[in-house]
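Enquirer: Please read through the structure below; I'll follow up with questions.
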2 protein chains.
Amino acid sequence: MRSIGALGKATNTKVETIRYYERIGLLAPPQRTDGNYRTYDDEALARLSFIRRSRDLGFSLDQVRALLSLTDQGTQDCKTVDRIARDHMAEIERKIADLIALRHELSTMIESCGGGNISECRIIEALSPFDN
Amino acid sequence: MRSIGALGKATNTKVETIRYYERIGLLAPPQRTDGNYRTYDDEALARLSFIRRSRDLGFSLDQVRALLSLTDQGTQDCKTVDRIARDHMAEIERKIADLIALRHELSTMIESCGGGNISECRIIEALSPFDN
DNA sequence: CTTGACCCTGTAGTTGCTACAGGGAGCATA
DNA sequence: TATGCTCCCTGTAGCAACTACAGGGTCAAG
Ligand SMILES: [Zn+2]
Ligand SMILES: [Zn+2]
Ligand SMILES: [Zn+2]
Ligand SMILES: [Zn+2]
């Protein structure tokens, strides 16, 4: 049994974040001490670790919730899990492609700037409509 | 002169977003008709286009605000503009690198899943702590 | 004169936290 | 016992950048 602060240190999570996860139903309300302090067992530690690792991999809290409930139910097969992971991966791919396109646009813009007065800065021009 | 709806269509911006930009001081309060409708001139159209293009390129509203005030002032030279653009570019590069690392982790995880019962799904295992 | 498309203000919701404010608990030290 | 100090409690509000109502008013067409 450990306090919320100890759990936070063990999982690299702020205390407020842990309470937030409890509030939104991602973590079960833990037992309390006589002084009304939360105490966490190893299962809670494992669960929070799972959540944090999933978050680090970019899954949304809703996706994490889904993954948790699938493991809780011990569902027959892992098709849904795979589905969630693959969907997320596709989203990451899209983001990468978007950002690479963006980088290209930005670098073209930046390279065109020769310094000097702002009224002839190519960056500003590139951002402005009705170029002339 | 055009209505807020027309301006929205011309710049691919939702009406609520335009009002939001006004509220936070990014767009000046426009003139009003007798019936209290906002009306926008070409300058407002140009300004909103600039904002939208900057946003599409991923600049934050604070950065957009800075870019706008620099052009408004007709500042001597464009050093600050270039600085903002380069900072943003560096941020994009960081995001790309992060996402590529993420994609690698995710794809390793996903490929390891052979289908079957969730209790032996490698995705879940990869997310769980204390692997054994 | 009614219908429908548009506009108005003001407020609250979204995501995933983070930061107080204003108190209580628990332990060590003087 | 008193005084700190660190931790914990609840509840609320803030961040970015919108988005979505609710409950009305305006205006042109038919
Ligand atoms: Zn995702
Ligand atoms: Zn320049
Ligand atoms: Zn940026
Ligand atoms: Zn699997």
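Enquirer: Which residue, of A:C121, A:C78, is modelled with pLDDT under 95, open to solvent by less than 70 Å² (accessible area, probe 1.4 Å) and within 15 Å of ligand 4 (Cβ to nearest atom)?
Expert: Sole residue among the options that is modelled with pLDDT under 95, open to solvent by less than 70 Å² (accessible area, probe 1.4 Å) and within 15 Å of ligand 4 (Cβ to nearest atom): A:C78.
Enquirer: Kindly check whether there is at least one residue in segment A:37-44 that is modelled with pLDDT of 95 or more and at the interface with chain B (Cβ under 10 Å from one of its Cβ atoms).
Expert: Yes, because at least one residue in segment A:37-44 is modelled with pLDDT of 95 or more and at the interface with chain B (Cβ under 10 Å from one of its Cβ atoms).
Enquirer: Return the residues of segment A:96-106 that are facing chain B (nearest Cβ under 7 Å) and either open to solvent by 20 Å² or more (accessible area, probe 1.4 Å) or farther than 24 Å from B:D72 by Cα (or both); say none if nothing qualifies.
Expert: Passing the criteria: A:I96, A:L99, A:I100, A:L102, A:R103, A:E105.
Enquirer: Would you point out which residue out of B:S128, B:S49 is over 21 Å from A:P129 (Cα atoms) and either in contact (Cβ under 8 Å) with a residue 12 or more places away in the chain or away from DNA strand D (no atom under 16 Å from the Cβ) (or both)?
Expert: Going through B:S128, B:S49 in turn, the sole match is B:S128.
Enquirer: If you don't mind, there's one more thing I want to ask. Condition test on A:L7, is it open to solvent by less than 30 Å² (accessible area, probe 1.4 Å) and touching a strand residue (DSSP E or B) at 6+ places or on another chain (Cβ under 9 Å)?
Expert: Values: open to solvent by less than 30 Å² (accessible area, probe 1.4 Å): yes; touching a strand residue (DSSP E or B) at 6+ places or on another chain (Cβ under 9 Å): yes.
For A:L7, the condition - open to solvent by less than 30 Å² (accessible area, probe 1.4 Å) and touching a strand residue (DSSP E or B) at 6+ places or on another chain (Cβ under 9 Å) - is met.
Enquirer: Can you give me the number of residues within segment B:89-132 that are within 16 Å of ligand 2 (Cβ to nearest atom) and among the aromatic types (F, W, Y)? Let's see the steps before the verdict.
Expert: Narrowing segment B:89-132 to residues within 16 Å of ligand 2 (Cβ to nearest atom): B:89.
Those left that are additionally among the aromatic types (F, W, Y): none.
Selection size over segment B:89-132: 0.
Enquirer: Name, by its number, the condition in (1) within 14 Å of DNA strand C (Cβ to nearest atom); (2) more than 22 Å from B:T108 (Cα to Cα); (3) acidic (D, E) that does not hold for A:D56.
Expert: (2)
Enquirer: Identify, by number, the condition in (1) surrounded by 14 or more Cβ atoms within 10 Å (Cβ to Cβ); (2) more than 16 Å from DNA strand C (Cβ to nearest atom) that A:I84 doesn't meet.
Expert: That leaves (2) as the condition not met.
Enquirer: Here are some residues: A:M109, A:M89. Which one is crowded, with 16+ Cβ neighbours inside 10 Å, at the interface with another protein chain (Cβ under 9 Å from one of its Cβ atoms), assigned to a helix (DSSP H, G or I) and within 16 Å of ligand 3 (Cβ to nearest atom)? Please lay out each step first, then the result.
Expert: Values: A:M89 fails: within 16 Å of ligand 3 (Cβ to nearest atom).
The match here is A:M109.
Enquirer: Can you say whether A:V64 is more than 7 Å from chain B (Cβ to nearest Cβ), in a helix (DSSP H, G or I) and buried (at least 16 other Cβ atoms within 10 Å of the Cβ), as far as the supplied structure shows?
Expert: Judged against the criteria, A:V64 is a match.
Enquirer: Can you tell me which residue among A:D34, A:D72 is in a loop (DSSP other than H, G, I, E, B), more than 30 Å from B:K95 (Cβ to Cβ) and more than 8 Å from chain B (Cβ to nearest Cβ)?
Expert: The conditions single out A:D34.
The values are calculated or read from the model by the stated rules, or taken from the named source; none is laboratory data. These numbers were taken from a predicted model, which means no experiment stands behind them. All Cβ positions, glycine included, derive from the backbone under ideal geometry; neighbour counts span all protein chains shown. Ligands, DNA and RNA are stripped out before the accessible areas are found, and what is left, the full protein with its side chains, is counted by its heavy atoms. Shrake-Rupley method; radii C 1.70, N 1.55, O 1.52, S 1.80 Å.
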